[in-house]
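Visitor: Below are the structure tokens for one structure; questions will follow.
The values are calculated or read from the model by the stated rules, or taken from the named source; none is laboratory data. What you are looking at is a predicted structure, and each value in this text was computed from that prediction instead of being measured. Glycine also receives a Cβ, built like all others from the backbone with ideal geometry; neighbour counts cover every protein chain displayed. Remember, those area values only see protein heavy atoms, side chains included, never the ligands or the DNA or RNA. Shrake-Rupley method; radii C 1.70, N 1.55, O 1.52, S 1.80 Å.
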Amino acid sequence: MSDARIEEIRTRTDAASPGHWGTHYDGKGTYTVEARPRLDPRAGSVDEGAVATLTGEHGDQQAYQDARFIAHAREDVPYLLDRVAELEVRLREHAHELGEGAAWNWWDAAVIPGECANLIDPPASTVPKES
């Protein structure tokens, strides 16, 4: 992925509504992705506006899955951008293992020696469990 593409993604991410996003289901088939949904003891369920509205039929699993994807994107995309940046730094730190003047190619990851290969495909024992 080019630096320009990463920067375009980061720019869109930074411009999106901030904070946690959640979903609200109206019971009839419409899911609304909301910015910063929360419970207020005096006002009940509140949020900072709709991010997206997905309309389907009652019990529409695809609309539900799409709404979940959109809601999680607010936290997933920044996480992935930060992870890419971290891995790029670590790859530069291990560039000497690639040899002098070697160009990095993501497709070569399977044949990179030692720690460089583990940066891209870490051993299962080192991957944190999802909570």
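Visitor: Where residues in region 49-90 are assigned to a helix (DSSP H, G or I) and over 26 Å from ILE6 (Cα atoms), which of them is least open to solvent (accessible area, probe 1.4 Å)?
Guide: Going through the qualifying residues, I end up with ALA63.
Visitor: Residue check: is THR23 open to solvent by less than 100 Å² (accessible area, probe 1.4 Å) and without any contact (Cβ under 8 Å) to a residue 24 or more places away in the chain? Steps first, answer last, please.
Guide: Numbers: open to solvent by less than 100 Å² (accessible area, probe 1.4 Å): yes; without any contact (Cβ under 8 Å) to a residue 24 or more places away in the chain: no.
Answer is no for this residue.
Visitor: Filter region 1-48 down to the residues that are hydrophobic (A, V, I, L, M, F, W, C) and not in a strand (DSSP E or B) and list them by number.
Guide: MET1, ALA4, ILE6, ILE9, ALA15, ALA16, ALA43
Visitor: Now a separate question. Is at least one residue of region 30-48 loosely packed, with under 11 Cβ neighbours inside 10 Å and either modelled with pLDDT of 95 or more or under 19 Å from TYR64 (Cα atoms) (or both)?
Guide: Within region 30-48 (the criterion being loosely packed, with under 11 Cβ neighbours inside 10 Å and either modelled with pLDDT of 95 or more or under 19 Å from TYR64 (Cα atoms) (or both)), the answer is no, since none of the residues qualifies.
Visitor: Modelled with pLDDT of 95 or more, of a type in the set (Asp, Glu) and open to solvent by 80 Å² or more (accessible area, probe 1.4 Å): does that describe ASP14?
Guide: So ASP14 passes the test.
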